[in-house]
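The next block holds one structure in the form of structure tokens; read it before the comments.
What follows draws every value from the coordinates through simple rules; no lab data is involved. Predicted, not measured: the structure shown is a model, and the values here were computed from it. Note that we place each Cβ from the backbone using ideal geometry, even for glycine, and neighbour counts take in every protein chain shown.
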Amino acid sequence: MAKEIWESVFTVLGSGAVVALINWAQVGRSKKRDRKIDFLDKQIRDLYGPLYYFVSSSEKLLELNKRLHTAYEKEYVDTRYSLDGEVQKKINIEASATLEIGNNYIKGVEKNSKKIKEILDNCYSLIDPNDIEIFSLFHEHYTRFNVEIAGNRISTMPLKIYEDMGKISFLRPEFIDRIKKQFLDKKGKLEKFVK
């Protein structure tokens with residue numbers, strides 16, 4: 001039956017028109033495919049790729065900070081030292097220097113979070129709709145950190161209010177996981193498209 005239909009179309013329109021229709025359909029599919037590839041490439045290049053870089057960097061800095069604090073506790077909290085004034089002075093200097101290193105790791109995370117916020121602000125049109133909620137939560141915590149902690153208002157805020165609002169997270173684990181998953185998924189899709 002399908003063969004008879006094609007033969008009728010071929011007879012009525014002629015071979016040139018059928019070839020033109022087939023070419024038209026192929027060009028339409030090709031343009032649609034090219035638009036998908038371009039958008040996916042732009043998402044990777046401008047949004048998910050840079051986010052992946054800064055999130056991964058922050059994740060490593062947070063791991064370094066955690067390892068440093070574990071070593072700090074082992075060395076300075078769990079160990080008993082002489083109460084001699086000179087020994088205590090030396091221990092305080094070492095402990096303070098160690099904590100300052102950890103603070104510098106956290107400052108790196110803060111800088112990365114600022115970059116992440118800028119990327120989200122500048123490339124919001126590239127965000128997948130199913131990422132909006134988790135990105136909004138990042139924005140909430142970023143804003144709270146800058147208003148409450150960096151603005152040093154947390155010292156004047158009643159502890160009960162802070163506890164009711166919930167803890168502030170530099171980078172929530174689900175945000176990190178989502179960025180990594182999206183970047184890798186989109187990279188895989190793009191590779192399939194261009195093969």
Segment residue 84-residue 162, extension gain: residue separation times 0.36 nm, minus the distance between their alpha carbons:
24.1 nm
Exposure proxy order (Cβ contacts within 10 Å, fewest to most) of 45, 144:
45, 144
Environment charge at residue 94 (Cβ cut-off 14 Å; Lys +1, Arg +1, Asp -1, Glu -1):
-1
Beyond 15 Å, what share of the Cα-Cα pairs of region 45-100 remains, rounded to the nearest whole percent?
62
With label points set 7 Å from each Cα along the Cα-to-Cβ direction at residue 193 and residue 177, the distance between them in nm comes to 2.7
Using a Cα-Cα cut-off of under 16 Å, which lysines could be cross-linked to residue 74, ignoring same-chain neighbours fewer than 8 residues away?
66
Let me understand region 90-176 better: what is its radius of gyration from the alpha carbons, and its Dmax, in angstrom?
16.0, 55
Could you give each residue of region 68-79 its phi-based ³J(HN,Hα) in whole Hz, using Karplus coefficients 6.51, -1.76, 1.60 with θ = phi - 60°, and x for Gly or Pro?
4, 5, 5, 5, 4, 4, 4, 7, 10, 9, 7, 9
Post the alpha-carbon centroid distance, region 159-195 to region 80-130, in whole angstrom.
20
